[in-house]
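In what follows, a structure is listed as structure tokens, so that the remarks can point back to it.
The values are calculated or read from the model by the stated rules, or taken from the named source; none is laboratory data. Here the structure is a predicted model, which is why all the values come from computation and not from measurement. Please note: Cβ atoms are built from the backbone with ideal geometry, for glycine as well, and neighbour counts cover all protein chains shown.
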Amino acid sequence: MFPFHQRTALEPACVATARRFVDQTLTSWGVLDVAFDAQLVVSELVTNAMRHGGGAAQLRLLSHGAELACAVTDHTRTIPVAASPDVFSEFGRGLRLVDALCTAWGWLSPGGSRKIVWAVIAG
């Protein structure tokens, strides 16, 4: 588990910090075959938490057999939407990318003012 600090949860550097956490964790687990995809998925989830979720609160990685789950908690219950941007849009493709790389993704609202956006990558 990686907890984001209140002061850095909205800074772009927290995305790089999250990618490093993924790299270090997957290296220690010996799960390098999905490292690039996992870093990309986590980057998108953390960026969405910063842009639309009031900041990233926590990142969790879970491994079970050949599957890796990434879960990012943010500070809002706003439901994530996979947009359909036009060809000239600068933003709006992140969850489409997550959908393409993952076997499943979704969100949970465990109560309170937070939500968890999760994604599963097959190894």
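Conditions (1) outside any strand (DSSP E or B); (2) modelled with pLDDT of 95 or more; (3) surrounded by fewer than 17 Cβ atoms within 10 Å (Cβ to Cβ); (4) in contact with a strand residue (DSSP E or B) (Cβ under 7 Å, 6 or more places away or on another chain), marked per residue:
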{"residue": "LEU45", "(1), (2), (3), (4)": "yes, yes, no, yes"}
{"residue": "CYS70", "(1), (2), (3), (4)": "no, yes, no, yes"}
{"residue": "PRO85", "(1), (2), (3), (4)": "yes, no, yes, no"}
{"residue": "TRP118", "(1), (2), (3), (4)": "no, yes, no, yes"}
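Filter segment 22-43 down to residues that are touching a Gly at 6+ places or on another chain (Cβ under 9 Å) and either assigned to a loop (DSSP other than H, G, I, E, B) or acidic (Asp, Glu) (or both) and give me whichever is surrounded by the most Cβ atoms within 10 Å (Cβ to Cβ).
Looking at residues that are touching a Gly at 6+ places or on another chain (Cβ under 9 Å) and either assigned to a loop (DSSP other than H, G, I, E, B) or acidic (Asp, Glu) (or both), I get VAL34.
Just the residues that are of a type outside the set (A, V, I, L, M) and either under 20 Å from PHE2 (Cβ atoms) or at pLDDT below 95 (or both), please, taken from segment 100-116.
CYS102, TRP105, TRP107, SER109, PRO110, GLY111, GLY112, SER113, ARG114, LYS115 - these are the residues of segment 100-116 that are of a type outside the set (A, V, I, L, M) and either under 20 Å from PHE2 (Cβ atoms) or at pLDDT below 95 (or both).
Being loosely packed, with under 13 Cβ neighbours inside 10 Å and farther than 17 Å from LEU61 by Cβ is the filter here; which residues of segment 102-116 pass it?
PRO110, GLY111, GLY112, SER113
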